[in-house]
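Below is one structure; the comments refer to it alone.
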Amino acid sequence: MDRFWNWNQASDHRELTINGIIAKDSWINDDIAPQIFQAELNDGHGPIDLWINSPGGDCTAAGQIYTMLMEYPDDINVKISGIAASAASVIAMAGTTVSMAPPALMMIHNPLTIVGGQEQDLNKAAQMLAETKEAIINAYVLKTNLPREKISTMMDKQTWMNVNKAIQLGFADKMLGEDPNVTNCYSYSEPENQMVMLNKLQPTTKSTIPVKSLQKRLSLLSH
């Protein structure tokens with residue numbers, strides 16, 4: 001069994017680490033590894049700190065782990081220490097909160113496979129990839145609230161995100177070690193900073209001032 005996860009429950013809180021390639025041997029034909037992961041997840045209670053440093057791997061395994069974590073009754077605090085790419089980024093979306101270290105990266109892209117055979121075999125593989133992509137988008141949308149079309153385009157382009165970009169787009173919530181009471185406006189360009197301010201104003205403001213008017217006022221304030 002390929003074990004890419006590890007538990008540390010010696011302290012007052014539960015800690016789970018996912019490190020390296022996710023399931024070098026696919027979970028599709030593996031009945032043991034998913035059961036062990038589920039049993040270990042349920043063998044305790046309370047919030048879990050989930051540390052991720054993975055380039056990705058098997059979509060099936062990532063999807064199952066995502067679902068198991070989403071069903072866990074307590075908080076899952078995802079902490080990306082190095083990289084959460086490809087399938088690992090899907091698992092990260094199960095976090096109640098998602099934090100990234102200052103130099104950490106997240107990457108999303110289209111699923112891929114290797115297939116051979118006749119035309120109908122290639123067509124089936126293409127259909128499978130298309131449906132797999134839609135399934136992955138479901139997890140990204142649930143976390144970010146971004147339009148499906150935008151996420152699809154980001155996957156087409158293979159999008160890399162540093163912590164500031166990930167927070168801006170909703171894939172992450174905060175930077176590890178950052179004071180939550182301090183807003184570092186210098187982490188964004190001027191247009192991005194204005195959008196962050198607008199996003200904070202709009203949900204709580206009962207004013208009927210149009211968005212374009214708010215943008216104009218923010219532009220004047222920034223000069």
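The values are calculated or read from the model by the stated rules, or taken from the named source; none is laboratory data. All values reported here derive from a predicted model rather than from experimental measurement. Every residue, glycine as well, gets a Cβ built from its backbone with ideal geometry; the counts of neighbours run over all protein chains shown.
The table that follows gives values for the structure above.
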{"quantity": "Lone qualifier among Thr132, Thr153, Thr183 - being modelled with pLDDT under 95 and surrounded by fewer than 15 Cβ atoms within 10 Å (Cβ to Cβ)", "calculated": "Thr183"}
{"quantity": "Inter-residue pairs, beta-carbon under 6 Å, first within 17 Å of Tyr66 (Cβ to Cβ) and in the stretch 3-23, second among the β-branched types (Val, Ile, Thr), 6+ apart", "calculated": "Phe4/Ile22; Trp5/Ile18; Leu16/Ile48; Ile18/Ile52"}
{"quantity": "Complete set of residues in the stretch 48-107 that are assigned to a loop (DSSP other than H, G, I, E, B), closer than 21 Å to Thr159 by Cα and of a type outside the set (Asp, Glu)", "calculated": "Pro55, Gly56, Ser86, Met93, Ala94, Gly95, Ala101, Pro102, Pro103, Ala104"}
{"quantity": "Set Ala125, Ala62: member being of a type outside the set (Lys, Arg), over 20 Å from the mean Cα position of the chain (by Cα) and surrounded by 15 or more Cβ atoms within 10 Å (Cβ to Cβ)", "calculated": "Ala125"}
{"quantity": "Residue match in the stretch 50-63 (condition: on the phi < 0 side of the Ramachandran plot, modelled with pLDDT of 95 or more, among the polar types (S, T, N, Q) and in the same structural domain as Asn138 (by TED's automatic domain parsing))", "calculated": "yes"}
{"quantity": "Positions within the stretch 133-163 being in a helix (DSSP H, G or I) and basic (Lys, Arg), in sequence order", "calculated": "Lys133, Lys143, Arg148, Lys150"}
{"quantity": "Residue match in the stretch 79-95 (condition: of a type in the set (S, T, N, Q), within 19 Å of Ile151 (Cβ to Cβ) and in contact (Cβ under 8 Å) with a residue 24 or more places away in the chain)", "calculated": "yes"}
{"quantity": "Hey, Leu146 at pLDDT below 95 and either in contact with a helix residue (DSSP H, G or I) (Cβ under 6 Å, 6 or more places away or on another chain) or assigned by TED's automatic domain parsing to the domain that holds Pro103 (or both) or not", "calculated": "no"}
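Quick grid of which residues meet (1) surrounded by 15 or more Cβ atoms within 10 Å (Cβ to Cβ); (2) over 18 Å from Leu169 (Cβ atoms); (3) in contact with a strand residue (DSSP E or B) (Cβ under 9 Å, 6 or more places away or on another chain):
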position: Pro34; (1), (2), (3): yes, yes, no
position: Asp43; (1), (2), (3): no, yes, yes
position: Pro73; (1), (2), (3): no, yes, no
position: Leu105; (1), (2), (3): yes, no, yes
